[in-house]
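Engineer: Quick one: structure below, then a few questions.
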Amino acid sequence: MLLFSIGANRYALAARDVIEVIPLVKFRSLPKAPPGVAGVFNYRGLVAPAVDMRRALEGVASQSLFSTRILIVNAAKDGEPQPLGLIVECASDAVDLPENEAQSAGVSTSDAPYLKEIHHHDGEMVQRIDPFLLLPESVRNSLFRDIQENEVL
C-alpha cells in the first residue's frame, strides 16, 4: 500500500493501482468541473484530469508541500488506459498492510463508496481508498469524453 495524508488523516492506495508517482505540476483549470477536479495536465503527451483528494474529501484545497505528489492511476476499468492524477499531501512510503488484518470502518455512506477498510500501522489508523470508485461513473465518463473531444479540436 502507498501511504499518504489528506489533512490530518492517513490513507492508502493499493500499490497495484498506482502507475507512477510524480511531483506536483501546474494544471489547466476546467470551468464548471465537478467538485474536487483540479484541472488537467500533460502526462506523457496525454491530457489527464487531476483530482485534488483533499478538496474532494474535505472541501479544502491540498497544500503545495514538498511531499505533495500526484499519484497516477488508470481510471479505465477496461479498454483504453485513462490516466487520472490524484493530488495527495505527504505521500510518504509504501508498506505491507495485510488485507486479512483490515477492519471495517463500521460506517458506510453511499456518498463515499471509495472509502474502504481500515488498517492499523505504526499507531495510526489508515483507510484504504479505491480509486476506481472515487469519481462516479457519470462524472468519469463525462470528464474523459470532454478531454477526448478537446484533443480532436
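The values are calculated or read from the model by the stated rules, or taken from the named source; none is laboratory data. Note that the structure is a prediction, hence the values are computed from the model and not measured. Neighbour counts are summed over all protein chains in view; Cβ atoms, including those assigned to glycine, are modelled from backbone coordinates with ideal geometry.
Engineer: Within segment 129-136, can one find any residue that is closer than 19 Å to Glu20 by Cα, part of a strand (DSSP E or B) and in contact with a Leu (Cβ under 7 Å, 6 or more places away or on another chain)?
Structural biologist: yes
Here is a yes/no grid of residues against (1) within 19 Å of Asp17 (Cβ to Cβ); (2) touching a helix residue (DSSP H, G or I) at 6+ places or on another chain (Cβ under 6 Å):
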position	(1), (2)
Gly45	no, no
Asp52	yes, no
Glu58	no, no
Ala61	no, yes
Arg69	yes, no
Glu80	yes, no
Pro83	yes, no
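Engineer: For segment 4-68, list the strands (runs of 3 or more DSSP E) that sit wholly inside it and hold at least 1 residues that are of a type in the set (Gly, Ala, Ser), crowded, with 16+ Cβ neighbours inside 10 Å and in contact with a strand residue (DSSP E or B) (Cβ under 9 Å, 6 or more places away or on another chain); which are they? Walk me through it before giving the result.
Structural biologist: Numbers: elements: 9-13, 18-23, 37-43, 46-52.
The strands (runs of 3 or more DSSP E) meeting that bar are 9-13, 37-43, 46-52.
Engineer: Give just the number: which of (1) exposed (fewer than 12 other Cβ atoms within 10 Å of the Cβ); (2) closer than 25 Å to Gly123 by Cα does Thr109 not satisfy?
Structural biologist: Here Thr109 clears every test but (2).
Engineer: Restricting to segment 99-153, count the residues that are modelled with pLDDT of 85 or more and either more than 14 Å from the chain's Cα centre (by Cα) or farther than 28 Å from Pro81 by Cα (or both).
Structural biologist: Residues flagged as modelled with pLDDT of 85 or more and either more than 14 Å from the chain's Cα centre (by Cα) or farther than 28 Å from Pro81 by Cα (or both) within segment 99-153 amount to 10.
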